[in-house]
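Heads up: the structure comes next, in structure tokens.
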Amino acid sequence: MDSATSDPGEPRQNLSSTADNGLKIVIVGGFGVGKTTMVRSVSEIRPLNTEETMTQAGEAVDDTDGIGTKSTTTVAFDFGRITLDAHNVLYLFGAPGQERFWFLWDRLFSGTLGAVVLVDTRRLADSWYAIDRLEHHGTPFVVACNDFGGPAHTPEQIRTALDLPSEVPLLFCDARSRASSKQVLISLVQHLQHLHSHRPDRPDAVPHPIPEPTP
């Protein structure tokens, strides 16, 4: 998938220098599923990317099956920001997808409010580790299937393949589109609000109410 966004003409918002609440969101998933693309498409600031050109030396350790056109890779993390309202912003961290960088994930998950697991339905098995680590940390998440134009799968087939509980939202998106990526974040915020409203024993678990990203 090309990393360019589908709506490059949409203006970015002017940002205030400070915000009362910074809410950390992690975008995680397998190698080449579009994490960097999603951060780029939705961020209001020029995102920080740690992409490097893929070399022949990495072919021995990185599984590039199904993503032969990919020429760069994230080696640390991507970072972007999106405003919720005058007092709240989401800080977006895109995790590296290759197995050799998975040791960074546990630190990225520290202090995370919630997560997006981005999925390429052509390579569903690549998402298992991300879901396992999030469940291990008790981090709420949604699953978003990125559109790579592969064979269509029903939500039931995807849930079965990922052993995904019914309470975890399953979405379909195009990570190149700002509007589509923003809708994924809105769905995550709604999911977090729902979880918070059903856990009165943990009033500090999620700031309430969390405003949704503005259109």
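Applying the selection to the range 183-215, what residues are more than 20 Å from S41 (Cα to Cα) and at pLDDT 85 or above?
Listed by number, the residues that qualify are Q190, H191, L192, Q193, H194, L195, H196, S197.
Which strands (runs of 3 or more DSSP E) sit wholly inside the range 24-134 and have at least 1 residues that are at pLDDT 90 or above?
78-83, 88-94, 114-120
Looking at the range 105-134, I want the residues that are over 12 Å from G29 (Cβ atoms) and touching a residue at least 60 places away in the same chain (Cβ under 8 Å) and have a partner that is in a helix (DSSP H, G or I) and open to solvent by less than 10 Å² (accessible area, probe 1.4 Å) with Cβ atoms under 7 Å, at least 6 apart or on another chain. Which pairs are those?
Here the result reads L113/L192; G114/L188; G114/L192, each pair linking the range 105-134 to a residue that is in a helix (DSSP H, G or I) and open to solvent by less than 10 Å² (accessible area, probe 1.4 Å).
Please find, among L188, L171, the residue that is outside any helix (DSSP H, G or I), of a type outside the set (F, W, Y) and either surrounded by 19 or more Cβ atoms within 10 Å (Cβ to Cβ) or in contact with a strand residue (DSSP E or B) (Cβ under 9 Å, 6 or more places away or on another chain) (or both).
When all the criteria are applied, what remains is L171.
Is the range 123-143 home to any residue that is over 19 Å from E167 (Cα atoms), open to solvent by less than 10 Å² (accessible area, probe 1.4 Å) and either touching a strand residue (DSSP E or B) at 6+ places or on another chain (Cβ under 7 Å) or not hydrophobic (A, V, I, L, M, F, W, C) (or both)?
no
The values are calculated or read from the model by the stated rules, or taken from the named source; none is laboratory data. Keep in mind the model is a prediction, meaning the values are calculated, not measured. Don't worry about glycine lacking a Cβ; one is built from the backbone with ideal geometry, like all the others, and counts go over all protein chains shown. Heads up: the accessible areas ignore ligands, DNA and RNA and are worked out on the full protein's heavy atoms, side chains in. Shrake-Rupley method; radii C 1.70, N 1.55, O 1.52, S 1.80 Å.
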